[in-house]
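The values are calculated or read from the model by the stated rules, or taken from the named source; none is laboratory data. This one's a predicted model, so the numbers in the text were calculated from it and none came from an experiment. Don't worry about glycine lacking a Cβ; one is built from the backbone with ideal geometry, like all the others, and counts go over all protein chains shown. Note: areas computed on protein heavy atoms with side chains; ligands, DNA, RNA excluded. Shrake-Rupley method; radii C 1.70, N 1.55, O 1.52, S 1.80 Å.
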Amino acid sequence: MPEYRADRELPEQDADQTSLTIPVGLFMALSVAILALLGIGTRYYVHGDLNVIHSFLSLFFSINLLICYWEACLFLRRDYIEIRTEYWREWQRETGRQPSLEFLVTKVPLTQILSPTLWADAWATYSQYDGSYADRRTFGYNADIANGFVTPVPTLILYAAYTLDFLPALFAGILGVMLFWQWTYVTSVYWVSFFVAKRQTRISRREMYTYILAINSVWVLSALLGLYVSLCLVVNGNYSVLGY
């Protein structure tokens, strides 16, 4: 399994054998699982029950919080991402392997696991399927930066409200309508911008369905469920849609 080095385009250097490491993909899965179980477990501890909709949205909120950190890194390491995109493109030509899979199995020292430089490679590898993330003039690039800096706080508020019902249902519903609608709209416009720019002609059909349609559909389908929940909160004036 490959070791992470921020300078992988340079000749290989000896890896630090004393550092504890973790595969990038495993860290991602553990981060999302811990964040989601925190809300699910808190609900069970406080209310003594579980709810499918609450559990699903807890998972979605947790994924978005992780992505928000990546999106902050997209802004903080924008120049570096452009360089790494070219590196991974050349790496793929030479090896014939998928950069995204290589990134996921790369073992990273725990001391570097939150490094923005590390997560810049998430965007550099994704840019092999959509080059807009290596171009700060595009809609996708700027929409994701906005999501990264704007949505963490309302995400946390809704996550807590859905778990502990500490906000009036009307307030939580209004905030939810605003947040979930922008996710639905922005992701839909991203898809439109992708196909209008004919970026699908530069990748295989399998890559388009996997990396463009399937991954991004999470933000449309989950947001549509969130919109339904939010409207129920507004109309009903209580949290009954979440089982309270």
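In the set (i) 18.5, 65; (ii) 19.6, 63; (iii) 22.6, 72, the label that goes with Rg and Dmax of the Cα atoms in Å computed for this structure is (ii). Amide H contacts of residue 106: 24, 25, each under 5 Å away and 5 or more positions distant or on a separate chain (H built 1.01 Å from N in the peptide plane; Pro and chain starts excluded).
Taking each DSSP H run with n ≥ 4 as -39500 (n - 2.57) and averaging over every residue of the chain yields -22000 deg cm²/dmol at 222 nm. Residues of segment 36-59 with amide nitrogen under 16 Å from the 7 Å Cα-to-Cβ point of residue 160? Label zone hits: 38-40, 42-43. The magnitude of the dipole of the chain, with charges of +1 and -1 set on the Cβ of Lys/Arg and Asp/Glu and taken from the Cα centre, is near 620 debye.
Within the chain, the longest run free of trypsin sites (Lys or Arg not before Pro) that sit in a DSSP loop with at most 13 other Cβ atoms within 10 Å is 1-96. Positive end of the dipole of the chain (Cβ unit charges, origin at the Cα centre): among 182, 106, 133, the Cα lying farthest that way belongs to 182. Rounded to whole numbers, the Karplus 3J(HN,Hα) couplings from phi for segment 77-84 are 10, 4, 5, 5, 4, 4, 5, 5 Hz, using 6.51 cos²θ - 1.76 cosθ + 1.60 with θ = phi - 60°, and x at Gly and Pro. Decide, for segment 83-209, between rounded, prolate and oblate: order the square roots of the alpha carbon gyration tensor eigenvalues as a ≥ b ≥ c, take rounded if a/c falls under 1.5, and otherwise choose prolate if a/b is larger than b/c, else oblate. Verdict is oblate for segment 83-209. With protein chains left intact and a 1.4 Å probe, residues in the chain average 51 Å² of accessible area per residue. For the chain, the longest principal axis of the Cα atoms and the long axis of helix 215-236 meet at an angle of about 10 degrees.
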